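Take a look at the structure set out below.
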Amino acid sequence: MPPALDGLRVLDLATFVAAPFCCTLLGEFGAEVIKVEQPGGGDDLRRLGTPARPGLSYWWLVESRNKKAITCNLREPDGQALVKRLARDTDVLAENFRPGTLERWNLGWDALRRVRPRLVMVRISAFGQTGPYRERPGFGRIAAAMGGLSYLSGYPDRPPVTPGTPTIPDYLAGALAAFGALVALEHARRTGEGQVVDLGLYEPMLRMLDELIPVHGARGHVRERIGSGIEYVVPHNHYRARDGRWVAIACTNDRMFERLATAMARPDLAAEFPTMGSRLQRRVELDELVQAWVASAEAPEVLARLDAAEVPCGLVASARDLFADPHVRARDNILEMPNPLGGLLSMIGIVPRLTATPGRVDRLGPVEVGADNEEIYCGRLGLTRDELRALADRGVV
């Protein structure tokens, strides 16, 4: 069966992570994605992170998978004309420049919709296309900070930390942008009219903050940092086992806590802490009891006891743990692909899983800048090789 998005054409004008990840997701399910890079050095993601070779990162090879790569100088009128020609049969165009940048380059929404009325334009920027901060720059760390997540991360007596990796906002923004693009495409299918998908990098952080916004609005309460626990549930934390590994335990209701008490061979705890309110009032004491029990055994034994009692739990996994985990392997969460530089390259698999039209990885990110110039410019737009060579000599492609 053809891929779910077979026939969809996507033009990726973006750089770094967020908007390109939106295009990567579409490409994994069958869309043809053309990645547009600056002539010469190409996208900055080629040089970000650990190099696979000088000027080419592992990050680029993975996050530009399934994409065709062309070069085009968007600042040049001839480059702008090429983008408009490509846009004529494009379904989704993604960009993440500061608001107003594409307008200055004659490639804004009004200009592009004239050549493709049903175009869906994904625009991801630090703060979105409107509002007083719209022209400010920003990356994932700024988004996590401005979106309220960093304030909650860490311990009360220490500075707030960026949760996990600074790129979480980028990836989440890319995922929501892909969702927004598919919604807009359905609207275009029904009406023939395209639209803009406008996303500020900080906004997905706001969307994932559970009850923080409504509780503050209703009661004025400001949630503070409490380490690895959570304000409204206990025990719901990370606990260190005897072998030094960490185990995550999450008991979000009375029934789950009763199961934990059974796993601990302490059924009396269920009577001593019968409600969530009683557990919250004695948070420190209860966390210490759970920690003492976890510390009495090695992590595999603790996890086995919790699994037997049907208590939600898991190892706090390092990269090494993920590679060794049989469930991660069984779900194809880690794929291996032939590396164009030699050997095999491990990467995250396809998420989500579709049973009838699953996504796939056909190839890694293009190694050479402009690797597909001839295919796209000559094959699709009808330029001759001499015309393409002339554009290259002038720095347009």
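Rundown of residues vs (1) within 22 Å of Trp109 (Cβ to Cβ); (2) at pLDDT below 95; (3) buried (at least 18 other Cβ atoms within 10 Å of the Cβ), yes/no style:
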| position | (1), (2), (3) |
| --- | --- |
| Arg134 | yes, no, no |
| Ala143 | no, no, yes |
| Arg158 | no, no, no |
| Ala173 | yes, no, yes |
| Thr191 | yes, no, no |
| Gly200 | yes, no, yes |
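A count restricted to the range 1-46 and to residues that are in a loop (DSSP other than H, G, I, E, B) and either in contact (Cβ under 8 Å) with a residue 60 or more places away in the chain or of a type in the set (A, V, I, L, M, F, W, C) (or both) stands at 18.
Yes/no matrix, rows are residues, columns are (1) at pLDDT 95 or above; (2) surrounded by 15 or more Cβ atoms within 10 Å (Cβ to Cβ); (3) outside any helix (DSSP H, G or I); (4) not assigned by TED's automatic domain parsing to the domain that holds Arg245:
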residue: Ala261; (1), (2), (3), (4): yes, yes, no, no
residue: Ala265; (1), (2), (3), (4): yes, no, yes, no
residue: Ala271; (1), (2), (3), (4): yes, no, no, no
residue: Gly277; (1), (2), (3), (4): yes, no, no, no
residue: Leu280; (1), (2), (3), (4): yes, no, no, no
residue: Val284; (1), (2), (3), (4): yes, no, no, no
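Are any residues in the range 371-397 assigned to a loop (DSSP other than H, G, I, E, B) and either among the hydrophobic types (A, V, I, L, M, F, W, C) or out of contact with any helix residue (DSSP H, G or I) (no Cβ under 8 Å at 6 or more places or on another chain) (or both), and if so, which ones? Within the range 371-397, Ala371, Asp372, Leu381, Gly382, Leu383, Gly395, Val396, Val397 meet the criteria.
Checking each residue in the range 333-350 for being in a loop (DSSP other than H, G, I, E, B) and exposed (fewer than 12 other Cβ atoms within 10 Å of the Cβ) picks out Gly342, Gly343.
Being free of Cβ contacts under 8 Å to residues at least 60 places away in the same chain and in the same structural domain as Gly244 (by TED's automatic domain parsing) holds for only one residue in Leu315, Leu306, Leu344, and it is Leu306. Quick check on my filter: what residues within the range 354-397 are touching a Pro at 6+ places or on another chain (Cβ under 8 Å) and more than 10 Å from Ile70 (Cβ to Cβ)? Answer for the range 354-397, where residues must be touching a Pro at 6+ places or on another chain (Cβ under 8 Å) and more than 10 Å from Ile70 (Cβ to Cβ): Thr357, Gly359, Arg360, Leu364, Val367, Ala392, Gly395, Val396. Looking across the range 232-242, the residues that are touching a residue at least 40 places away in the same chain (Cβ under 8 Å) and either under 13 Å from Gln291 (Cα atoms) or surrounded by 20 or more Cβ atoms within 10 Å (Cβ to Cβ) (or both) come down to Val234, Pro235, Asn237, His238, Tyr239, Arg240, Ala241, Arg242.
Tell me which of these Tyr377 doesn't satisfy, since it passes every other one: (1) in the same structural domain as Phe21 (by TED's automatic domain parsing); (2) free of Cβ contacts under 8 Å to residues at least 12 places away in the same chain; (3) surrounded by 14 or more Cβ atoms within 10 Å (Cβ to Cβ). Tyr377 satisfies every listed condition except (2).
Yes/no per residue for (1) under 27 Å from Asp89 (Cβ atoms); (2) touching a strand residue (DSSP E or B) at 6+ places or on another chain (Cβ under 6 Å); (3) modelled with pLDDT of 95 or more:
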residue: Ala304; (1), (2), (3): no, no, yes
residue: Pro312; (1), (2), (3): no, yes, yes
residue: Ala319; (1), (2), (3): no, no, yes
residue: Leu322; (1), (2), (3): no, no, yes
residue: Pro338; (1), (2), (3): no, no, yes
residue: Ile348; (1), (2), (3): no, no, yes
residue: Thr355; (1), (2), (3): no, no, yes
residue: Leu391; (1), (2), (3): yes, no, yes
residue: Gly395; (1), (2), (3): yes, no, yes
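When residues in the range 226-241 are screened for being in contact with a strand residue (DSSP E or B) (Cβ under 9 Å, 6 or more places away or on another chain) and hydroxyl-bearing (Ser, Thr, Tyr), 2 of them pass. Scanning the range 164-172 for any residue that is free of Cβ contacts under 8 Å to residues at least 40 places away in the same chain, closer than 26 Å to Leu185 by Cα and aliphatic (A, V, I, L, M) turns up at least one such residue.
The values are calculated or read from the model by the stated rules, or taken from the named source; none is laboratory data. These numbers come from a predicted model, not from an experiment. All Cβ positions, glycine included, derive from the backbone under ideal geometry; neighbour counts span all protein chains shown.
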